[in-house]
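Remarks on the structure that follows.
The values are calculated or read from the model by the stated rules, or taken from the named source; none is laboratory data. Here the structure is a predicted model, which is why all the values come from computation and not from measurement. As a convention, Cβ positions derive from the backbone with ideal geometry for all residues, glycine included, and neighbour counts pool all protein chains shown.
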Amino acid sequence: MELRVSSLSFSYPSKEVLRDISFSAAGGEVLGIIGPNGSGKTTLLRCLRMALAPQRGDITLNGKSVTAWTRGKIARFFGVVPQSPSISFPFSVLDVVMMGRTPHLRRFQQEGHRDYEIAREAMRLTSVEALYGRPVSELSGGEVQRVVIARALAQQPHVLLLDEPTSQLDINHQMEVMHLVRSLARKKGIIVIIISHDLNLSMRYCDKLLLLSDGRVYEHGPPEAVVTEESLEKVYGVAATVAYNAAIRSHQVTIRDVISSYLEGTE
Amino acid sequence: MDAISSYYHSKRLRRVAVLGGLSALLFFTVIIGIMVGPVQVGPGLIMKVIYSRLPFLGNDVVQTWPQYYTSIVIDVRLPRVVLAMLVGMGLAVSGCAMQGLFRNPMASPYVCGISSGGAFGAALAVNIGLSYYFVPFGAFFFAALTVFVVYMIARVNGKVPITTLLLSGIAISSFFSALVSLMLYVSNERLERIVFWMMGGLWSAGWDKVAITLPFIVISVPVFTYLARDLNALLMGEESAADLGIEVEATKRFILALTALTVGACVAVSGVIGFVGLIIPHVTRLFVGPDHKVLIPASALVGGIFLIVTDLFARMVIRPSELPVGIITSLFGVPFFLSLLRRRRTEMGW
């Protein structure tokens, strides 16, 4: 499984958002997309699954261009966990996860035993089995997040896209979610692409990072090659120390200060 | 079998039980609707009369009752009850689909100006002196046309945002209401017919009206039920629905068109009967939950039951005259709905 994005560009009528984005990701890999607000992270995630149609460039999965696929076909390959999902209707957890089977069912086909088994497996992986009959409208933010991940997994995607899945969560749940998606990538051989604001979590759990700055790829590669003191200064305008932390066997960032000249530049 | 598995299977059983129970209730309501009137007809006799009129099966039934019972049952009450059932079903099922599509509890079958468009069509037909038979077609045509116009106005770059659709619907609706008022103002002697039509009623029911409405309801209820999965996905939000493989804009268009035809067919034969399409889906949702697989057919059944019962009141309250059923649906439906709303608001999910 290989996802390849080549010179992808996207503009709204009034503003260019993404320019000439190229990267690739392989099965079993977790790719983190990082970058400041407005750098185009969410737009990129939308373009990847053709929720927005890029004006230029191509997206291929195993060499086949996805740009002309139907929504149904895309949904059989791409599972999406949106930013802070909220479901206000009292569907039960099992109902919501079963909705992930939608793209695999024909128009007049009922869900069968196999669909149920797949949904259960997804619930087991995300530890929401115990919540099966609870209305999602009554769950906590972290629980809803896991239910929505289970729904995406029930789609049996080859690519799992997550838009800041940890932003609403407590630190323990943040770790849990990152841990979960990495083990999913390893176990199922799927590609996981995850937008995150948390540089330290990204460095720790992602195999590769894609640093976006102003709609372009600033750097793409292994975490310690992407998140450097220099790139943090250039892209985020902060003075930071990046050092290896032996306890968690990962590089970690400590922000020392905001560089005021950058602040003035953005005002 | 563990807890989740038995939960999953019991859900399916409950769906069958709910729909079976409501179907039985609808059947009894139909019988009661035929029984009650200035002349009481017993349930046994009703069954016999209907059976004797069935093709093939009824041929060898010997008629042991006076002929006027046959006319009361077959020519008067049965078409009226059937028409009430069909209109109730059509309005409820369309309201249910609209609320799901718009993710808005205020949506009813009359959003997008269907009712005012239909009223204008009917008023126009009456005013230019078309015969009685053409009024339903005028109503139907303009109801459907209005939705089409609203949809085209709301369209931006191939997409139709729900809020734009609602707003342009409200605007076009006011426009047609003004036209209807204008017609009422200039239409002296025909005023009564138009006003009666706008209040909503079933007194002109007959097999000709049933024939207009029946095909639409027979098609739309199962089709809406088959769209349950799409409507469920749409409740997750349009972007999530698209991520689940739903072609959102095409689905929107299809549901809107189906609603326009269904409601057009109801409005054409019964005028504007308020609140059925707004309230019945809400009440049903309180009892069966938000899953459209159950909600759509259950709403249809409850809508059918509700309109038969309210029409019964409309016929009986001020005998020998009768009230427009639209008045009854609002007078009785609204307080009932509001009391439910106050007690169980948190369970509704809006």
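Numbers at a glance
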item: Number of positions in the range B:178-214 that are closer than 13 Å to B:GLY271 by Cβ and outside any helix (DSSP H, G or I); result: 6
item: Whichever residue in the range B:150-169 is among the aliphatic types (A, V, I, L, M) and free of Cβ contacts under 8 Å to residues at least 24 places away in the same chain and, among such residues, is farthest from B:SER270 (Cα to Cα); result: B:VAL156
item: Residues located in the range A:108-155, provided they are within 12 Å of chain B (Cβ to nearest Cβ), among the basic types (Lys, Arg) and more than 17 Å from A:LYS187 (Cβ to Cβ); result: A:ARG134, A:ARG151
item: From the options B:LEU286, B:LEU235, B:LEU258, residue that is in contact with a Phe, Trp or Tyr (Cβ under 9 Å, 6 or more places away or on another chain) and within 14 Å of another protein chain (Cβ to nearest Cβ); result: B:LEU235
item: Residues (assigned to a helix (DSSP H, G or I) and hydroxyl-bearing (Ser, Thr, Tyr)) located in the range B:60-106; result: B:TYR68, B:TYR69, B:THR70, B:SER71, B:SER94
item: Selection status of A:MET99, under 30 Å from B:PHE224 (Cβ atoms) and either more than 13 Å from the chain's Cα centre (by Cα) or modelled with pLDDT under 95 (or both); result: yes
item: Residue within the range B:41-58 that is within 30 Å of B:PRO290 (Cα to Cα) and at pLDDT 90 or above present; result: no
item: Subset of the range B:24-47 (residues that are within 13 Å of B:ARG77 (Cα to Cα), small (Gly, Ala, Ser) and part of a helix (DSSP H, G or I)); result: B:GLY33
item: Sole residue being over 28 Å from A:VAL128 (Cβ atoms) and buried (at least 23 other Cβ atoms within 10 Å of the Cβ), chosen from A:LEU52, A:LEU44; result: A:LEU44
item: Output for the range A:42-76, where each listed residue is part of a helix (DSSP H, G or I), more than 7 Å from every other protein chain (Cβ to nearest Cβ) and within 24 Å of A:THR166 (Cβ to Cβ); result: A:THR42, A:THR43, A:LEU44, A:LEU45, A:ARG46, A:CYS47, A:LEU48
item: Condition check for B:VAL18: surrounded by 15 or more Cβ atoms within 10 Å (Cβ to Cβ) and at pLDDT 95 or above; result: yes
item: Inter-residue pairs, beta-carbon under 6 Å, first part of a loop (DSSP other than H, G, I, E, B) and in the range A:194-209, second among the β-branched types (Val, Ile, Thr), 6+ apart; result: A:CYS206/A:VAL30; A:ASP207/A:VAL30
item: For A:GLU224: the one exception among (1) touching a His at 6+ places or on another chain (Cβ under 6 Å); (2) acidic (Asp, Glu); (3) modelled with pLDDT of 95 or more; result: (3)
item: Qualifying residue in the range B:227-243 (condition: within 21 Å of B:PHE28 (Cα to Cα), surrounded by fewer than 24 Cβ atoms within 10 Å (Cβ to Cβ) and of a type in the set (Gly, Ala, Ser)); result: no
